[in-house]
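Have a look at the structure below before the remarks.
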């Protein structure tokens, strides 16, 4: 992955009302597609997707990095790198407490992704071609 900063969804000048319409209601503008691609790229790695899932599903809303690292057959610096990319994408936030760092999900970004991918209410599901079944 390049060293460029990932753009956080919804960090624009629209007052936080949302970055874009749903995919099924209007085509994305070039800039919107680029911003979304950066977030989806952060989620495109199985380790990062699993980390986000572990953080988001934790009772109490946060998890210590000391509880995340043992779940993987990866070094602590590698886990920290993956967490940094999730944080840059605006999917999680962190807080240092003494020696340990605690991570929590940022629902605003995941809610925007969910809204983007949600079919408008009352719209029928598209037919699935035989070849895709």
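Quick note: the coordinates plus some simple rules give every number you see, no bench work behind them. Computed from a predicted model, the values in this text were never measured in an experiment. All Cβ positions, glycine included, derive from the backbone under ideal geometry; neighbour counts span all protein chains shown.
So here's what we get for this one:
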{"item": "Normalised contact order of the range 30-116, rounded percent, pairs of Cα under 8 Å and 6 or more residues apart", "result": "30"}
{"item": "Nitroxide proxy distance, nm - points 7 Å out along Cα→Cβ at residue 97 and residue 26", "result": "4.3"}
{"item": "Rounded FRET efficiency, nearest 0.05, which uses the C-beta distance separating residue 111 from residue 80 and R0 of 30 Å", "result": "0.70"}
{"item": "Gyration tensor verdict on the range 60-105 (Cα atoms; rounded if a/c is under 1.5, prolate if a/b is larger than b/c, oblate otherwise)", "result": "oblate"}
{"item": "Taking all pairs of distinct alpha-carbon atoms in the range 30-116, Kirkwood radius in angstrom", "result": "13.3"}
{"item": "Likely footprinting exposure, 96, 119, fewest C-beta neighbours within 10 Å first", "result": "96, 119"}
